[in-house]
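These notes are about the structure you will find just below.
The values are calculated or read from the model by the stated rules, or taken from the named source; none is laboratory data. The model shown is predicted, which means the values in this text are computed figures rather than measured ones. Here the Cβ positions follow ideal geometry from the backbone for every residue, glycine too, while neighbour counts run over all protein chains shown.
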Amino acid sequence: MADIGKLVRLLKELEEDLASCTRCGMCQAVCPLYGQTGRETDVARGKLVLVENLSREILDDPQAVKKRLDRCLLCGSCAAACPGGVPVLEVFLKARAVITGYLGLSPVKRAIFRGFLSNPDRLDNLLKWMGRLQGPFTRSANKILGTSCARFMSPVIGDRHFMPIAAAAWHTKASRGFSGPRQDGRIRVVFYPGCLADKILPRLADAAMEVFAFHDVDVFVADKAPCCGIPALSSGDVKTFSTLVKKNLNIWQPLDFDYLVTPCATCTSTIVKLWPAMEDYLWDKSRKTKEQVRKIAAKTMDISAFFVDILGVEALPDAGPETVTYHDPCHLKKSLGVEKQPRSLLGAAGTCRLIEMKNADQCCGMGGSFNLEHYELSEKIGAKKRDAILATGADTIATGCPACMLQITDLLSHAKSRVTVQHPIEIYARSLREKQKEKPK
């Protein structure tokens, strides 16, 4: 049974966050979901009205409230465009926590989040077995992109073209401590691959390690890889979110390091923005714990921003024959303001020429769990991104978010495209390998 007193307190906090919303409608112009449906309840303004009346609505029809709150990509387009500075994402996440606290988690999500996501070893073992057994149930969809599709009808996979699960989680083979005592002038980095790079795109994590080694960065990779918590938080499961924050803090807090670097836009944004914003939902609300969360958040960086802003990697004047276009992940540009750095890293490769696509920062339609629950809408939103990519005629589409990579790969695979999908760090790592080969022996 929900704690009504706690619900009332949380609802009052939301009311304070909503005070600056003037209903101007600026969010309508940028919301990718509203652009498809034209429904007021799908845009931020409509949802904020719902949140304002949450105390009444939650008692009248809680399931309808949940359904409307869940129809959101959490892309942050509305927050970035809001002239009043309403913390829309924080409001929505807290509202989802309220409604989940009232209704409880569905049995499926409870099993996934609390049975596996909050237990990294158990999740690794599950995905390891899924990786080994996936062969008979899948077939190749696009050999250029490396995608597969379901061999038989599947209510979970549907018509998706997806990247296969890795045979083993990347961190289980790559874990390492720092090389030794701190050395003057040598930067020490904790590398956090994120779930998708760790379990589906290990080539991305391998590329990152190559580049760290080239620039003589001392790197720590943990032998455990707890999720950053965003899937659970997006579903209002603050208990699992809190558990995962605690597990990660227990790994990172004792270490002496300069930066925590991740190639995942969503992980970066979650740790930098959402961990501190949701600190009142953590297992421990003490000042010490909150300071630890803020300290880690302050040290966390996107991998492109790290190499460009900290190590000074610069674009080269000469470009190679390969053409690349770049998609701005919502959580990088709109949440963190990271826009120039990935393009600089691509320029530093010296092997490709950047061709900007139309509306490079328009959402690709992934939205994490939104794609799982609303695949048809996700696909329709993504169609604009697919068409913009193909219109450039580029050989490769680069983006700084593994989730966006999976979405764009699906879209291009369905289109029978030969455009490859890569992370900027992969392209930069490849250029370094090529330069090493060119050196006289």
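Values for this structure:
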{"item": "Entirely in the range 26-118, the helices (runs of 4 or more DSSP H) that have 2 or more residues that are touching a helix residue (DSSP H, G or I) at 6+ places or on another chain (Cβ under 8 Å) and under 23 Å from Met366 (Cβ atoms)", "result": "26-30, 32-37, 44-52, 62-70, 77-81, 88-103"}
{"item": "Any chance Gly400 is within 15 Å of the chain's Cα centre (by Cα), touching a residue at least 40 places away in the same chain (Cβ under 8 Å), assigned by TED's automatic domain parsing to the domain that holds Ala348 and over 28 Å from Ala349 (Cα atoms)", "result": "no"}
{"item": "Residues satisfying the stated conditions in the range 207-232, i.e. within 22 Å of Met405 (Cα to Cα) and either surrounded by 24 or more Cβ atoms within 10 Å (Cβ to Cβ) or touching a residue at least 40 places away in the same chain (Cβ under 8 Å) (or both)", "result": "Ala207, Ala208, Glu210, Val211, Ala225, Pro226, Cys227, Cys228, Gly229, Ile230, Pro231, Ala232"}
{"item": "Given (1) under 19 Å from the mean Cα position of the chain (by Cα); (2) under 21 Å from Leu432 (Cβ atoms), index of the condition Asp198 fails", "result": "(2)"}
{"item": "Residue selected from the range 235-252 under the condition among the aliphatic types (A, V, I, L, M) and in contact with a helix residue (DSSP H, G or I) (Cβ under 8 Å, 6 or more places away or on another chain), by the criterion nearest to Ser269 (Cα to Cα)", "result": "Val245"}
{"item": "Filtered residue count, the range 339-364, keeping only those that are assigned to a loop (DSSP other than H, G, I, E, B), at pLDDT below 95 and not polar (S, T, N, Q)", "result": "1"}
{"item": "Residue satisfying condition, being out of contact with any helix residue (DSSP H, G or I) (no Cβ under 7 Å at 6 or more places or on another chain) and either closer than 20 Å to Ala297 by Cβ or modelled with pLDDT of 95 or more (or both), within set Ala207, Ala213, Ala232, Ala222", "result": "Ala213"}
{"item": "Per-region count, the range 385-398, residues of a type in the set (D, E, K, R) and crowded, with 19+ Cβ neighbours inside 10 Å", "result": "2"}
{"item": "Which numbered condition Gly367 misses (of (1) part of a helix (DSSP H, G or I); (2) within 16 Å of the chain's Cα centre (by Cα))", "result": "(1)"}
